[in-house]
Amino acid sequence: MTSSKPVRLSQTTITELMIPAYANFGGKIHGGILLSLMDKVAYATASKHAETYCVTVSVDKVEFLQPVEVGELVSMMASVNYVGNTSLVVGIRVESQNVKTGITKHTNSSYFTMVAKGEDDKPAIVPKLILENEEEVKRFIEMMRMKEIKNSVKAKMDDAYSKMEVENAKTILKDQRCEIKIRL
Ligand SMILES: CC(C)(COP(=O)(O)OP(=O)(O)OC[C@H]1O[C@@H](n2cnc3c(N)ncnc32)[C@H](O)[C@@H]1OP(=O)(O)O)[C@@H](O)C(=O)NCCC(=O)NCCS
């Protein structure tokens, strides 16, 4: 395995035409179609960097900011933004182009955490990332911070959940749009 690799060596872009079979009942492209394409480009990018099979562990920041229409060309630009020991975060920018008008819209940016697997199916060490410009340095630091925030939110949620009792829940939920009707 190579010990360190620049971001550019694994950068991947895929472009796909949005055909009518991808549409939902409202005539727009299904979010699930876009998520499936994003998972593929994340896999391609991560496995090129890791030089091995990778699996998706978590997905952050999925927001469909604008609808994608049938007939548009969707492009997904993916880069490894961060590497840990066996995990990698792949940042994906999704754009959709109307070929008639030439107008391109940014529909979403998401972050896929992937883990490299060895022949024994256990997490495998990935090459270090060589950061060649300020943008790549900035992205690496952003992903480091995101990981720290996620870990701290998870610890707080676990703590809050372990202390929660149903009687407290009634007070906490009194102004919320739900009713507690526990079936025994
Ligand atoms: C992901 C997986 C390999 C982690 O296995 P594990 O025995 O918990 O391994 P570890 O605790 O050593 O974690 C391995 C890496 O995953 C990261 N990781 C584990 N759970 C994570 C989570 N929920 N979010 C982000 N990263 C996570 C760890 O931080 C670690 O990263 P690092 O080596 O860079 O520090 C295992 O849970 C798995 O195989 N999951 C199924 C994945 C899959 O099949 N995906 C396809 C979708 S169905």
Only residues that are within 10 Å of the chain's Cα centre (by Cα) and either on the phi < 0 side of the Ramachandran plot or part of a helix (DSSP H, G or I) (or both): list them for the stretch 38-62, please. Met38, Asp39, Ala42, Thr56, Val57, Ser58, Val59, Asp60, Val62
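Say whether the condition of being surrounded by fewer than 19 Cβ atoms within 10 Å (Cβ to Cβ) and closer than 15 Å to Gln11 by Cβ is met by at least one residue in the stretch 112-129.
No, the conditions are met nowhere in the stretch 112-129.
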Conditions (1) within 12 Å of the ligand (Cβ to nearest atom); (2) surrounded by 12 or more Cβ atoms within 10 Å (Cβ to Cβ) -> Leu173 fails only (1)
Please give the number of the condition Met76 fails out of (1) surrounded by fewer than 21 Cβ atoms within 10 Å (Cβ to Cβ); (2) away from the ligand (no atom under 15 Å from the Cβ); (3) in contact (Cβ under 8 Å) with a residue 60 or more places away in the chain; (4) farther than 26 Å from Met1 by Cα. (1)
Please give the number of the condition Ile103 fails out of (1) of a type in the set (Val, Ile, Thr); (2) within 29 Å of Lys28 (Cβ to Cβ); (3) crowded, with 21+ Cβ neighbours inside 10 Å. (3)
Would you pick out the residues in the stretch 56-73 that are aliphatic (A, V, I, L, M), modelled with pLDDT of 95 or more and closer than 12 Å to Met38 by Cβ? Val59
Quick one: is Ile141 within 21 Å of the chain's Cα centre (by Cα) and under 30 Å from Tyr82 (Cα atoms)? yes
Just the residues that are more than 30 Å from Glu69 (Cβ to Cβ) and surrounded by 11 or more Cβ atoms within 10 Å (Cβ to Cβ), please, taken from the stretch 3-21. Lys5, Pro6, Val7, Arg8, Leu9, Ser10
Identify, by number, the condition in (1) in contact with a strand residue (DSSP E or B) (Cβ under 8 Å, 6 or more places away or on another chain); (2) within 10 Å of the ligand (Cβ to nearest atom); (3) part of a loop (DSSP other than H, G, I, E, B) that Pro67 doesn't meet. (2)
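Among the residues of the stretch 137-144, is there at least one that is closer than 30 Å to Glu72 by Cα and out of contact with any Leu (no Cβ under 7 Å at 6 or more places or on another chain)? Step through it out loud before you land on a result.
Taking the stretch 137-144 first, the residues closer than 30 Å to Glu72 by Cα are 139.
Subset that is out of contact with any Leu (no Cβ under 7 Å at 6 or more places or on another chain): 139.
Yes, that holds for at least one residue.
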Counted residues, the stretch 91-128 - those being within 30 Å of Leu73 (Cβ to Cβ), in contact (Cβ under 8 Å) with a residue 60 or more places away in the chain and either in contact with a Pro (Cβ under 6 Å, 6 or more places away or on another chain) or within 9 Å of the ligand (Cβ to nearest atom) (or both): 1
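The values are calculated or read from the model by the stated rules, or taken from the named source; none is laboratory data. Because the structure is a prediction, the values reported are computed rather than measured. Methodologically, a virtual Cβ is constructed for each residue, glycine included, from the backbone with ideal geometry; neighbour enumeration extends over all protein chains shown.
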